[in-house]
1. Net charge within 11 Å of residue 182 by Cβ-Cβ distance, Lys/Arg positive one each and Asp/Glu negative one each, not counting residue 182 itself?
2. If each residue of separation counts as 0.36 nm, what is the full-extension length gain between residue 366 and residue 546 once their alpha-carbon separation is subtracted?
3. Calculate, in nm to one decimal, what residue 508 and residue 217 gain on full extension: separation in residues at 0.36 nm each, minus their alpha carbon distance.
4. In whole percent, how big is the carbon plus sulfur part of the accessible area of the chain, probe 1.4 Å, protein atoms only?
5. For the chain, calculate the relative contact order in percent as a whole number, restricting contacts to Cα pairs under 8 Å that are 6 or more residues apart.
6. Enter the Cα centre distance for the pair the stretch 124-174 and the stretch 346-363, rounded to the nearest angstrom.
7. Go through 302, 415, 72 and say which Cα lies farthest out towards the positive end of the charge dipole of the chain; charges sit on Cβ, +1 for Lys and Arg, -1 for Asp and Glu.
8. Leaving out ligands and nucleic acids, and using a 1.4 Å probe, what accessible area per residue does the chain come to in Å²?
Amino acid sequence: VSLDLSDPEFLVQASESLPLDYYAVKNDQGDFVTIYEKPVYADLEFILFFVFNGRRWMYTTSTALGIGPADANEFAIATIIEEANLHFFYDNITSLIMSDPSDIGSPSDSTTPIDLSLYRTSDQTWGFQRPLMDEIILSHLICKTCDATQYPCLYGNPCVNGSCNCLNGASGFNCQLIPVDDGKCDVGFNSVDFSYDRGDCCRGTCISTTEFFCGYEGRVEVGFPNCEDGAYSCEFPNQTCWARSAANYELPKPRGVLAAAAATIQLSSNGRVMVVGYPDLDRVQVLDQFDLTWTSRSDHHIGGTPLGSQFGSSLAISTVGGSILDFVYSPVGVHVAIGATSNETDFIRIFQWNVDQFEPIGSDILLARAFSKTGVASYFDFFEGSRFLAAQVDEDLIDVFDLDSNNQVISGFSCLEFGASCEAGSFVSVSENGNFLLQTSSEAPDGNLMIVSGYTGGESPTFQWKASPVPTGNVAWSRLSRDGLVVVASKVSSKNQTELDFLTFANSTWSVLGNVILVQEEWKFQSIGTLSTDGHTAAFVFCASHDTSDCVVRVYRLSGYGLDQAWYQLGNDIIVLSQPSISMSYDASVLAVAEASGVLRTFYYSENCRPGESYYRIFALLEHDQRLRWSLEFDKGEPLNSPEYPTNSPLKILEELCLPKEACPTLNIDTDTSRTFSGSMISIMINNEKVLRLVPVVPGSYPLGDCDV
């Protein structure tokens, strides 16, 4: 017989090493040893026993039965029990557990204790112990051998040659143990009857363990495609929606003020770390998400500036690369850049995480006094990991600061060098590989956007700046994706509607990417938006024309391929108050919103693609100077070609695509053959299943499946 794990709390209280399996004891003649004509069951060490006391089965010890350590073998124990003539009332044999009655000749009479309810016992040390009928134990004894009728395998699992074959994540001899909340989604128990695998199938309820990390299979992030819990998934089948990824985080309130402090936020690339600035409180904190909660890193906020300095009014964050699995038990390495003002001069101060606290590194980056009237509203950000920081230091000058050299200027350029006029806020984006997007104040035939590039990475980086226009016309707001290949820009049409235009860089030219997003006249774009790394997911804030406190966040995603590419709204509107601060992880898996209600909320989207589409995830690591072009060829339709990736530095590529189901693609890879890039890798997933992993990346054609068979 076997004791199941239905009551783990009791099992832990009873003994951390309580055996689960018990075997009928036999004597040297091969006969069962009995008490009151019922078998004696013992664990393999012959320390703990289930015996029948004349009315109930009881759980006792070898010591209570008069068995010493020297007799801990089956034949010796058989002899002792057979000769003892035990009388349980007078012998004061103590018991930890007792069963329901199993009186001889009654309907519950049985030669085994299986299927009987078990109870804790009274703690008296004399006379006959009694079961405490109000302290039932959820665990019970089961037969270790299965059959099709009397002892079938549970939860639909098959019995094969007397043993249960547990196929759906259950365990135990009869598959009687449903999966514990171990961080792995077992779809066979993903229903309300089993609390959705005890929470393991939804991001908002899953808790990681040392064996499984929520949302991962091994080191591959697969997300939560099987979340069925209505509180954390979409309302209707096949719907794409935004659901909570963690409990709400309450923002602090200034002393003596009822309203929460205004907050600016920036998420890390994987969405697991967030820097939050409170300029009204002159402080900044860094939050880490582990499973369901955001917690503040270290006991102290980042501060140290005079009151009224607006410390935290603008932010940037850079985290150490790698899988989140590398940082389950230790905080991720983080660099944080924070904007503030002092004596009417704006400055940027950079901090890094050092063991258990944030420490400033290098000198403060000072902005020109005449340029500091905007209250540190200017943009700055890291690129090449956290090696460099780019910032607009006055109306005409954008500088690059080297964090390895005390934040000294290593390069820079002037807008006037390229025949353009700039103003405060003209520098709006920098890509990870050092391409700058400028929104100039001068009008040109192609518009007021231009890309400034010329950074070449490596141990001895070089900067040879050159500018090229982005043909969008004159726009009011714009952003560049972190891979430097997609630009989004907004302008107002003649019908007073907001237009959101997307362009992509391929074959050395900018071209339109998908359709123009037209926003209804009753909604006004608030010049608040963010892009994923590949630029194929974008989030924007819109407020009602008649009430600026009535706002929504809308997320759009690019779908299809070739001439059929189009933008569609990803999921439902996220209702927010006033003008929030928003941020999105680089892979678009997490969206954070801090709003006037004083609540910081984080969301993830459920269901990656629309019905009738498959979700493709292309991830690649390229070495310095490695060229990569790929294409997907289909049974029908035109092929889908990759963007033109830069080659001036090591590159991490993430492309997420929604393509028609059963498109049966073949991946064609074109890369350098002049030398072997041993550190390169490309991985393809379709609908969260890995279909290809290539190390190193070499030219070739690779069928990916997803075919109509």
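The values are calculated or read from the model by the stated rules, or taken from the named source; none is laboratory data. Everything numeric in this text was worked out from a predicted model, so none of it was measured. Here the Cβ is made from the backbone with ideal geometry for all residues, glycine too, and neighbour counts use every protein chain on show. For accessibility, only protein heavy atoms count, side chains too; no ligands or nucleic acids. Shrake-Rupley method; radii C 1.70, N 1.55, O 1.52, S 1.80 Å.
1. Combined, the nearby Lys, Arg, Asp and Glu give -3.
2. 60.8 nm
3. 100.9 nm
4. In the chain, the share of accessible area belonging to carbon and sulfur is 50 percent.
5. Reported relative contact order: 7 percent.
6. 58
7. Of the listed residues, the answer is 415.
8. Normalised by residue count, the accessible surface of the chain is 45 Å².
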